[in-house]
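The values are calculated or read from the model by the stated rules, or taken from the named source; none is laboratory data. What you see is a predicted model; the values in this text were computed from it and never measured. All Cβ positions, glycine included, derive from the backbone under ideal geometry; neighbour counts span all protein chains shown. We work out accessible area using only protein heavy atoms, side chains counted, and drop any ligands, DNA or RNA first. Shrake-Rupley method; radii C 1.70, N 1.55, O 1.52, S 1.80 Å.
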Amino acid sequence: MADEELEAIRRQRMAELQAKHGDASNHQQQGEEAKQREHDMRNSILAQVLDQSARARLSNLALVKPEKAKAVENYLIQMARYGSLGGKISESGLIEILEKVRGQTEKTTTVKFDRRRVMDSDDDDEDDS
C-alpha cells in the first residue's frame, strides 16, 4: 500500500511540475510574440516616416551605435504619433535630427594630469667636481 501511495504522490508531483514548466514556456512564448509585434510596429512606422536612403543611414547607425539609433527611432516614432512630421524624412532631414540628438546627448571628456612632485633623476646626476 505504501508503494501505491508513493507512486500516486510521484505522479501528482510530476503533473504539477509539467504544468508549471508548461506555463513558464507559454509565458515566455507570449513575451517573445509581444516583442516581435512591437518590433514589426516600429519598423512599419519608420517605413512610413523615412525614405529609403534615410532608412539605410539609420540601419548603418544601428550597427555602430545601437543606443543612439534607438533614441532616434523613438524620437521619430513620437513625432509621427503627434503628427508633427510633414511627410517622409529624407537623408538630409535625418542628418539634422541626428545632429540635434547628438547635441542633447553629447558628453564632454576632460583629462586632468596630476603630476607628482618627485625629485627628478636629472638633479642627482650633477658632477661634484
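What number comes out for accessible area per residue over the chain if the probe is 1.4 Å? Units Å², please. List each step's numbers first, then the result.
Details: 11290 Å² over 129 residues.
That works out to 88 Å² for each residue.
Using the alpha-carbon atoms, what tilt in degrees (0 to 90, nearest 10) does helix 52-64 show relative to the longest principal axis of the chain?
80 degrees
Anything over 18 Å Cα to Cα? Flag those among K35/K65; K68/K107; K35/K68; K70/K100; K65/K100; K35/K70, in the order listed. Each step should come with its number before you reach the end.
Working: K35/K65 21 Å; K68/K107 13 Å; K35/K68 20 Å; K70/K100 14 Å; K65/K100 16 Å; K35/K70 15 Å.
Violating the 18 Å Cα-Cα cut-off are K35/K65; K35/K68.
Using all C-alpha to C-alpha distances in the chain, build P(r) with 5 Å bins and read off the rounded percent in each one.
2, 8, 11, 12, 8, 6, 6, 5, 5, 5, 6, 6, 6, 5, 4, 2, 2, 1, 1, 0, 0, 0
Scan around L50 for amide H atoms under 5 Å from its own, H built in the peptide plane at 1.01 Å from N, and keep only partners 5 or more places away or cross-chain.
I89
Pull out the extension gain between S59 and N74, defined as 0.36 nm times the separation in residues minus the alpha carbon to alpha carbon distance; nm, one decimal.
Values: separation 15, 0.36 × 15 = 5.40 nm, distance 1.39 nm.
Extra length available between S59 and N74 comes to 4.0 nm.
Using a Förster distance of 41 angstrom, determine the FRET efficiency expected from the C-beta separation of Q104 and H21, and round it to 0.05.
Given R0 = 41 Å and the Cβ-Cβ separation, E is 0.35.
What spacing in nm lies between the two simple spin-label points modelled at K112 and D3, each 7 Å away from Cα in the Cβ direction?
7.9 nm
With r as the distance between the Cβ atoms of E33 and R81 and R0 = 30 Å, compute the FRET efficiency 1/(1 + (r/R0)^6) and round to 0.05. Present the calculation step by step, with values, prior to reporting the outcome.
Working: r = 23 Å, r/R0 = 0.76.
Computed FRET efficiency for R81 and E33 comes out at 0.85.
Relative contact order of the chain, please, whole-number percent, based on alpha carbon pairs below 8 angstrom and at least 6 residues apart.
On the way: 41 pairs, mean separation 28.5, N = 129.
For the chain, the relative contact order is 22 percent.
Carbon and sulfur: what percent of the chain's accessible surface (1.4 Å probe)? It would help to have the intermediate numbers written out before the result.
Values: 5450 of 11290 Å².
Summing carbon and sulfur atoms, their accessible area is 48 percent of the total for the chain.
Could you give me the ³J(HN,Hα) list for the stretch 92-107, computed from phi with Karplus coefficients 6.51, -1.76, 1.60 and θ = phi - 60°, whole Hz, x at Gly and Pro?
Values, residue by residue: 5, x, 5, 4, 4, 5, 4, 5, 5, 5, 4, x, 7, 10, 5, 10 Hz.
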